[in-house]
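Read through the structure below, which is laid out as structure tokens, and then see the notes.
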Amino acid sequence: MSKGTPLRMIVMLLLVGLVFGGIYGFQQFRNQMIAKAIRGHGIPPQTVSTIVAEKSSWQPTAQAVGTLRASKATQLSAEVGGLITAIPFESGKHVKKGQTLLELNADPLKAQLAQFKANAELARQNLTRDRAQLKIQAVSQAVVDSDAATLKSAEAQIATQQALIDQKIIRAPFSGVLGIRQVDLGQYLAPGTTIVSLQQLDPMYIDFTIPQTQIDLIHIDEAVAVKTDARPGKTFEGKITALEPQINTATRNLTVRASIDNPKSELLPGMFATLTIKQGPPQEFLTLPSTAIAFNPYGSTVFVVDHGKSKEGKETLTVSQHFVTTGATRGDQIAVLTGIKAGDTVVTSGQIKLRNGAPVLINNSVTPTDNPHPEVTDE
């Protein structure tokens, strides 16, 4: 090995050391410049949508579901059996109270009634004649008393026979609408066989239940609004008429009945319906869309936009987190009881990217729904 070899190795090592030292120095310089640039620009602003919190009139309500039923309803049947001789009604027609709906064969009973009437007439004549005889002492008082008893017995037989004949005639116990006839002319009708249904459709009743925790919110004569899918777009007004005086021990619910006017017979028994019960006068609440509130185990929070100015005098927007107390819900809205005030600008979307003091940009071109009475529609 020549004497120049160690010198060349030393030079090479120095050159390699200079190269790696330059690379390391450049990396350190670059990292410092990036950190300086980040510190100079700060946290980049996040784009959010907002809404201004305002007070709105809020009608406190309770919701329930129930089933409609007729105010009066029955399945008509006969007490006694017999051959059907007349059906003077048509299915689905309105009838008046006392109107004859069906007649059974009563000819044997009517013939026997004529015999009882003849016996009663004879007893009446005997009594009249013996009373005249008693005045001249031709008969005793005992004979007159016997004649009077015979007359009363004959009259009782007539009343009994007339009652048996009346059982052969079926009359409407109240005014209403008939259902579909279940029997035919000439058919033998056994006792208890259903003839036709009879429903009184105005007013209608709706029975529903509420939890025992809401008993104080329900009162007699309180207004209710009733909706049913069978009549879309229509609301029927009614009022509470009765409360069950006991709680169901299985469900811990109270049964309530409301009455609804139904002059056009638009509502029918058996329909499923939803009720809205107004509870007291309208109240003023601050409301926010439900998307504006973050519900957490430690409390509900919202982000409020704060307006400020930078060192250069430009307007800045930052957010601060506020704990809020929420109340009832109404559609897409939630009542806020404490934590914000009217006029506060509240973030409605984009909260997941925020923290206290974070800068924001507001873009309300697309905002969450804020409808107090949303409806489901097919699109």
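The values are calculated or read from the model by the stated rules, or taken from the named source; none is laboratory data. All values reported here derive from a predicted model rather than from experimental measurement. Please note: Cβ atoms are built from the backbone with ideal geometry, for glycine as well, and neighbour counts cover all protein chains shown.
Hey, any hits in region 293-301 for a residue that's at positive phi and not assigned by TED's automatic domain parsing to the domain that holds LYS234?
yes
Identify, please: which residue in region 296-342 is of a type in the set (Gly, Ala, Ser) and surrounded by fewer than 16 Cβ atoms within 10 Å (Cβ to Cβ) and is, among those, farthest from the chain's Cα centre (by Cα)?
GLY313
Pull up region 166-190, narrow it to residues that are surrounded by fewer than 15 Cβ atoms within 10 Å (Cβ to Cβ) and among the hydrophobic types (A, V, I, L, M, F, W, C), then point me to the one that is nearest to ASN119 (Cα to Cα).
ILE169
Please go through (1) at pLDDT 80 or above; (2) on the phi > 0 side of the Ramachandran plot; (3) over 33 Å from the mean Cα position of the chain (by Cα) for GLY42 and return the number of the only condition it doesn't satisfy.
All conditions pass for GLY42, except number (1).
Just give me the residues in region 244-282 being exposed (fewer than 12 other Cβ atoms within 10 Å of the Cβ) and either over 16 Å from the mean Cα position of the chain (by Cα) or over 18 Å from PRO203 (Cα atoms) (or both), in sequence order.
Scanning region 244-282 gives PRO245, GLN246, THR249, ALA250, THR251, ARG252, PRO263, LYS264, GLY280, PRO281, PRO282.
Testing ILE352 on (1) assigned to a helix (DSSP H, G or I); (2) at pLDDT 90 or above, one condition comes back false. Which one is that?
Only one criterion in (1) assigned to a helix (DSSP H, G or I); (2) at pLDDT 90 or above is unmet by ILE352, namely (2).
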